[in-house]
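Remarks on the structure that follows.
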Amino acid sequence: MSTSFGLSHIWIQGDAVTHLILIALIVMSVLSWTVIVLKALDVWRHKQSALGSEQFWHTTSLAEGLAVLSQRPGNLFHTLAQVGQEATEHHQAAQKQLHDRLDISDWVTRSLRNTIDDHTTRLQNGLAILASIGSTAPFVGLFGTVWGIYHALVSIGVSGSASIEAVAGPIGETLIMTALGLAVAIPAVLGYNALLRGNKFIIARMNRFAHDLHAYYVTGARVTHGQHGAH
């Protein structure tokens, strides 16, 4: 990097607004990458749990199936199976309560749906941050460029020099701010889209697993594979 132009020169020559814009872009970048890495690890872990959830149906008892699912810490599918079991047992044991007006099918459905909704909310945590950064970072960088060009033109006017050397350096330097804004926004947008696809896969698997659990707890048997065509 040249000693005359570059990020260090922008920082040294910039005012408080320029400093705030650079700091904001750095914070946005760090926050974006932190969310991407942490959420990517969560998605990978939950995908492995989703792919392994089929083992539940190859066990000889409910207790064994729950034990298999519990081998993965934080397994969403283990939570679903537990909630379904607890809802079934609670409905059978409780009497003279408000939910007695619901049959076991509705009661289990509501319990499983509430659990899926809670898991979905947790899966989507952080995505709003990436969406916000992806949409605002380019404009923050553009504002920095406009602000820098304004000060560069003022400096050129004060110096009285309008040569190409005097104009190209400061103007070109301020365009770095736009590039920085794009460098922050692009990973945020790509990360958001990738995480969204991963979450959709996990949620679809949870819905399918919950459908099978509902059939098992209500009828005592899992639905056949042929009935999954609509999922």
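Annotations for the structure displayed:
- Relative exposure of Tyr192, Tyr150, Tyr216, judged by other C-beta atoms within 10 Å (fewest first): Tyr150, Tyr216, Tyr192
- Summarising the amide proton neighbourhood of Gly126: residues at separation of 5 or more, or on other chains, whose placed amide H is nearer than 5 Å comprise an empty set.
- Phe201/Gln82 FRET efficiency (R0 30 Å; Cβ-Cβ; nearest 0.05): 0.85
- The phi-based Karplus calculation (6.51 cos²θ - 1.76 cosθ + 1.60; θ = phi - 60°) puts the 3J(HN,Hα) values of the range 43-51 at 4, 4, 5, 5, 5, 5, 5, 5, 5 Hz, whole numbers, x for Gly and Pro.
- Contour minus Cα-Cα distance for Asp118 and Thr219 (0.36 nm per residue): 33.8 nm
- In sequence order, calculated HN-Hα J values of the range 145-157 (Karplus, 6.51, -1.76, 1.60; Hz; x Gly/Pro): 5, 4, 5, x, 4, 4, 5, 5, 5, 4, 5, 5, x
Every read-out reported here was derived from the displayed coordinates using simple, explicitly stated rules and does not represent laboratory data. This is a predicted model, so every value here is computed, not measured. Using ideal geometry, Cβ is built from the backbone for each residue, glycine included, and neighbour counts are taken over all protein chains shown.
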